[in-house]
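Worksheet for the structure shown next.
The values are calculated or read from the model by the stated rules, or taken from the named source; none is laboratory data. If you're wondering where the values come from, they're calculated on a predicted model, not measured in any experiment. Neighbour counts are summed over all protein chains in view; Cβ atoms, including those assigned to glycine, are modelled from backbone coordinates with ideal geometry.
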Amino acid sequence: MLVAVALAALAADIVSKIIVVATLQDREPVRLLGGAVTLLETRNSGAAFSIGTGYTVVFTLIACGVVVAILRTARNLRSTPWAVCLGLLLGGALGNLIDRLVRAPAPLKGHVVDWIQLPHWPVFNLADSAIVCGGALAVLLAARGLQVDGTRISGKGDDPEADDPETERPEAERPETGKPDTAGDGGPGTGAEVATPEEKA
């Protein structure tokens, strides 16, 4: 699942950038939905959403570290939701990393192709979108206590009474520690002895 999601995100990002460079480079922006979405080709030397321009090499090395960390984490992967999450993060990281490695002006200093603009929002691409969606999903899964290996942290995302052993045991099986004996018939805990039929005779 992780590989499939990562390849889908990576393929969508690469194909979209090829189309954008071929059709929108050095051309007027294309406005859609009354200007709610604008398509234009820009180059970004910084991180996602044009953050930290001028530190291209640093962000390239960080992206390499992120890819390695995701691959190491994937060795313990046993959860489908986490597979989707890590797949989105991996595909998005690889999409922008490829730009930094192969595009101008130089290897490790390549500028990422961004092409989607929303009102009052920096220009981004599909790789950025995959990273943001993967990050949001990671926060949600962590908040619900779901781990990468498929286990769940007790007390998160479940009924709080589900972890209480007293709520899971029938009334008859619950210990009666500390409760006085009300039978008064010589039962256990009273100290009285019950005579056998032979002793009565």
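Step by step: first the residues of segment 103-148, then only those that are in contact with a strand residue (DSSP E or B) (Cβ under 6 Å, 6 or more places away or on another chain) and among the aromatic types (F, W, Y), then the one that is surrounded by the most Cβ atoms within 10 Å (Cβ to Cβ). Which residue is that? Filtering first and then ranking leaves W115.
Within segment 1-27, the only residue that satisfies the criterion of being of a type in the set (K, R) and part of a helix (DSSP H, G or I) is K17.
What about G150, is it part of a helix (DSSP H, G or I) and at pLDDT 90 or above? Here the answer is no, as G150 does not meet what is asked. Being more than 18 Å from D149 (Cα to Cα) and more than 26 Å from the chain's Cα centre (by Cα), is that true of even one residue in segment 88-98? No, that holds for no residue. Checked against (1) among the charged types (D, E, K, R); (2) part of a helix (DSSP H, G or I); (3) exposed (fewer than 15 other Cβ atoms within 10 Å of the Cβ), R100 meets all criteria but (3). One residue stands out among those in segment 67-97 that are in a helix (DSSP H, G or I) and either charged (D, E, K, R) or on the phi > 0 side of the Ramachandran plot (or both): the one that is surrounded by the most Cβ atoms within 10 Å (Cβ to Cβ), which is R72.
Out of everything in segment 28-49 that is in a helix (DSSP H, G or I) and in contact (Cβ under 8 Å) with a residue 40 or more places away in the chain, what residue ends up being surrounded by the fewest Cβ atoms within 10 Å (Cβ to Cβ)?
Step one: of segment 28-49, the residues in a helix (DSSP H, G or I) are 33-35, 48-49.
If we keep only those that are in contact (Cβ under 8 Å) with a residue 40 or more places away in the chain as well, we get 35, 48-49.
Values: G35: 10, A48: 20, F49: 14.
Only one residue tops the list, namely G35.
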